[in-house]
Amino acid sequence: MASKIIDPAGAGGSGVPAEDGVPTGTPSGEPRAAGAETAGPETAGHECGPESAGPGAAGPESAVHESVGQDAARVVVREADGAGRPARDPFLDNAKFLLIVLVVIGHTWPMGLVEGSRTVKAGYLWICSFHMPAFILLSGYFSRGFTGRPAQLRRLVAGVLVPYLVFEVLYSAVEAAVWGKPFRLTLTEPTFVCWFLAALFVWRLTVPLWRVIPWPVPVAALVSLAAGTSTMAYDLALPRVLMFLPWFVLGLALRPAHFARLRESRVLRWCAPPVLVAGGLAAYTVAPFTDVHWLWMSYGQAELGVGTLPYLLVRLGLFAVTALMTGAFLALVPRRTRWLTAFGAVTLYPYLLHGLLTTAAHAYGWDAPLRPLGLLGVALLTACGAAVAVLLSTAPVRRLARPLIEPPVPGLNGSRRRGSSPGTSEPRTA
């Protein structure tokens, strides 16, 4: 079911397509005065809020902030400049950046290290249990305003499809260089982290369809389960597109009031830490006999070697676990502006760039000197991953990488206001 992946939504792939096709790898531009405008893969929706003009107006992701109604008074604040435009919600940007940090950390852990330590594998399972579903849920939330208008479609192509094509070439070239393989470009078969852009492009196009389907979330869950019992190729990351679909559709169904309730309930905030700790203990308990591929959503029943009934039961259990873990994580996300808030508006940069670094790093065995240190070495790798996520979000790096992540496309983004960025988070999107 998976062919050209390195480590799907998880932490720690080897950077090179594993022999069995296992992937290893969850949106950009300079922030505006009121906050960065792009969000990256997962935030590709900030710009597509319910009533927003779409990604272009404010950057791919931040566009979503403009589409809240009166019920979002507690979620969206007005810019101090008196322009009357909705400002970005720091809670959402904080959540996006924390999730992207988990993605990068996960990819710094080689699968050999994950499988060689029960503690590390438990941490890997803990991260993978919610970080990509949460990222995708936010992408769905940011896509609520997508109706397929020409301007929105242009932004979708410029902010998601074009970066996908650019980085497919880059990842193919890096893998060929560091692993000594022949250069092979297959644009319909996403490489490493590029799967998310392909999936986001497809999910966003289906938004109008989910608006007319009764009970969209249950229907999406049935589609996800059915996909896992089927055999399909990895074209356009189809296995993941379908199996992660319920979280995107759930995001479409959420409203600002839902997040407000989650953030303001003291009961939920007090319950969140025990839930996350329990998730960690459960991960440690099942780590020795659990296949991490269950959480990558790129392998179905046949690849996992289980019967239909056990497969469906496990997937239903994973739905429940992921929902609890995602809710607990979001309940603990800082609600106010912090040092990380601005980085949450440009998550497409660390998302797309970190895979190039980890692919090369794993190829040259950068973790080898740290392995003899045991858990201390893992801690150093983890700290390094977090530092890389921050570094790749800084303004100097964004200025250098902007031509790749937000390439000028005549007819698609040439009409944007001077000084504004398409918001690689496709909104103004993962």
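The values are calculated or read from the model by the stated rules, or taken from the named source; none is laboratory data. Fair warning: this is a prediction, and the values are worked out from it, not measured in the lab. Reconstructed Cβ throughout: ideal geometry from the backbone, glycine too, with neighbour counts over all protein chains shown. What goes into the accessible areas is simple: the full protein's heavy atoms, side chains included, and nothing from ligands, DNA or RNA. Shrake-Rupley method; radii C 1.70, N 1.55, O 1.52, S 1.80 Å.
Descriptive notes on the structure:
- Signed unit charges on C-beta, dipole axis of the range 289-416, positive-most listed residue F343, P372, T290: F343
- Accessible-area composition of the range 302-368, carbon plus sulfur, in percent [1.4 Å probe]: 72 percent
- Stretched out straight at 0.36 nm per residue, the stretch from A176 to V219 would grow longer than its current Cα-Cα span by 11.4 nm.
- Computed over protein heavy atoms with a 1.4 Å probe, the accessible surface of the range 242-387 works out to 46 Å² per residue.
- Length available on full extension from A360 to A151: 0.36 nm per residue minus the Cα-Cα distance, which gives 71.5 nm.
- Separation of the A257 and T119 label points, Cα + 7 Å toward Cβ, nm: 4.7 nm
- Given a 1.4 Å probe and the protein chains as shown, E406 ends up with an accessible area of around 20 Å².
- Formal net charge of residues neighbouring L304 (Cβ-Cβ distance under 11 Å; K, R +1; D, E -1): -1
- For the range 305-353 versus the range 188-206, the spacing of their alpha-carbon centroids is 18 Å.
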